[in-house]
Each structure stands twice: as C-alpha cells, then as structure tokens.
Amino acid sequence: MEPNQHSLHKQESPGRRFTAANIVLYGLLAIAAFYLIAEHRAHLLGWLPWLLILACPLLHVFMHRGHGGHGRDNTSASQKQQPPHQH
C-alpha cells in the first residue's frame, strides 16, 4: 500500500456530506421537521415549561462533573501553585 493512498482517502471524506443523496435527505428532513412543528405546535409549546424545568437539574449534574461537585476540593497542591492561564 502506498503512503499517498491514506492522504488521498482523508482528502475525500469531508466532501461526502454534500453528495446529491445527502442533499435530498437534508431537504426531506427539513420539510418533515417543518410540518411536524407546524402541525404539533400546541403539543410542543405545552411541554416547553417542563423541558426548561427538567434542564436545570440535568445541567447541574453535568456541569458539576467538571470540577468535582459541591464542597470537595480535588485539586492537588501542585495544581494550586500554578499561575493563572494568560493569553
């Protein structure tokens, strides 16, 4: 296998999203989404307040995973002594 074949294969992959079949699929999905939203707007708007209320605890859980949660200090002594990041 020649080394240039891998580089050619990587160059082809970004253009695969815009094939004729994918453009038609995206168009049909957009039309289906429009009619689904247009016909079921009352149902969707009825659930909107509940979705916002549900988003609060979910965001709390997922956002606190990054820094260790409430009341716990998981940083080591070497991390505390580093100066802040500057651009």
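In a residue-by-residue description of segment 12-19, the property of being at pLDDT below 90, surrounded by fewer than 10 Cβ atoms within 10 Å (Cβ to Cβ), of a type in the set (S, T, Y) and outside any loop (DSSP other than H, G, I, E, B) applies to at least one position. Applying the condition of being exposed (fewer than 10 other Cβ atoms within 10 Å of the Cβ) and of a type in the set (F, W, Y) to segment 47-62 and asking which residue is nearest to I37 (Cα to Cα) yields W50. Considering each residue of segment 63-72 in turn, at least one proves to be modelled with pLDDT under 90, touching a His at 6+ places or on another chain (Cβ under 8 Å) and not in a helix (DSSP H, G or I). Can you confirm whether segment 23-36 contains a residue that is modelled with pLDDT under 90, of a type in the set (F, W, Y) and not in a loop (DSSP other than H, G, I, E, B)? No, that holds for no residue.
The values are calculated or read from the model by the stated rules, or taken from the named source; none is laboratory data. Values in this document were obtained by computation on a predicted structure and should not be read as measured data. Don't worry about glycine lacking a Cβ; one is built from the backbone with ideal geometry, like all the others, and counts go over all protein chains shown.
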